[in-house]
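Here's the structure we're looking at; comments come further down.
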């Protein structure tokens, strides 16, 4: 990576991304002025230790985001939030809760990501329970403070699962109906960066390359929208109650195999970015993910497969997949990951 890829400020229309090592240390100054004055902080106890205490001290209020899915977590604290300016410090769930509340309240979000979820780069999120009809638009964070070290602190197995979730963002950006040259360039560069970093020994891993890969892949997905992989993975997370990153990592080898005949040029390009061939893409992703995962090992209940299939087929985004699979093929895909 060049110096400019390790330390940059990217102004993308109404959004600014600050990417550099130790950026979290500068967070109090970055959010001190302008529309962020009087901000409220949404976070978790674990994440709060990643930034200077000054950030919490400067906030008008600190809200602990409760556990559980985004709609319930957002609904639990929405009435406590007063400021239109929200700073979200944490993983994808914390950032999505902030986006959900801002969408209903007409506010803005600054995201400080502590994982590779990509939530800081997208306007994709659910809404608070009970407020589903109140948001005129979804919210994309207006300010992103990205610190590569803080984004890559998870234990290696969980980090690799999070990285496969990030890789899935880039993969879908290649073949959704809104695929475009900029999203494709970003997604392929992001995939290459993720794979290169994960191929390195853990102690010498290029954290900046891994974090940048996640941001680029999420940028691509935000431009193009969901298709097969995300529709299946998200629905299984909600129906089977399996962990988000691990579910994505489990399914990605199988969904990419399913896409080979549907989007051959896209999968060939993705495979090349990962340093392999289209025929070996599944095994390459499994290796990058660190192990061969199974849904049953994530606590999935086989009796919920049929309700999950109902949910998948009910989602309009499935039509974004070239030659959308029918129920039988979707069942086989899920069973292959079981």
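Odds and ends about this structure:
Here is a yes/no grid of residues against (1) part of a helix (DSSP H, G or I); (2) modelled with pLDDT of 95 or more:
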site	(1), (2)
73	yes, yes
111	no, yes
125	no, no
129	no, no
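- Every test in (1) touching a strand residue (DSSP E or B) at 6+ places or on another chain (Cβ under 7 Å); (2) over 23 Å from residue 162 (Cβ atoms); (3) in contact (Cβ under 8 Å) with a residue 40 or more places away in the chain is passed by residue 77 save one, and that test is (3).
- Residue check, residue 177 surrounded by fewer than 24 Cβ atoms within 10 Å (Cβ to Cβ), assigned by TED's automatic domain parsing to the domain that holds residue 218 and part of a loop (DSSP other than H, G, I, E, B): yes
- Residue match in the stretch 199-218 (condition: over 21 Å from residue 123 (Cα atoms), in contact with a helix residue (DSSP H, G or I) (Cβ under 7 Å, 6 or more places away or on another chain), outside any helix (DSSP H, G or I) and not assigned by TED's automatic domain parsing to the domain that holds residue 8): yes
- Being touching a strand residue (DSSP E or B) at 6+ places or on another chain (Cβ under 7 Å) and under 29 Å from residue 11 (Cβ atoms) is a property that residue 95 has.
- Among all residues of the stretch 38-51, there is none that is more than 22 Å from the chain's Cα centre (by Cα), farther than 24 Å from residue 138 by Cβ and in contact (Cβ under 8 Å) with a residue 40 or more places away in the chain.
The values are calculated or read from the model by the stated rules, or taken from the named source; none is laboratory data. Keep in mind it's a predicted model, so treat the numbers as computed, not measured. Glycine also receives a Cβ, built like all others from the backbone with ideal geometry; neighbour counts cover every protein chain displayed.
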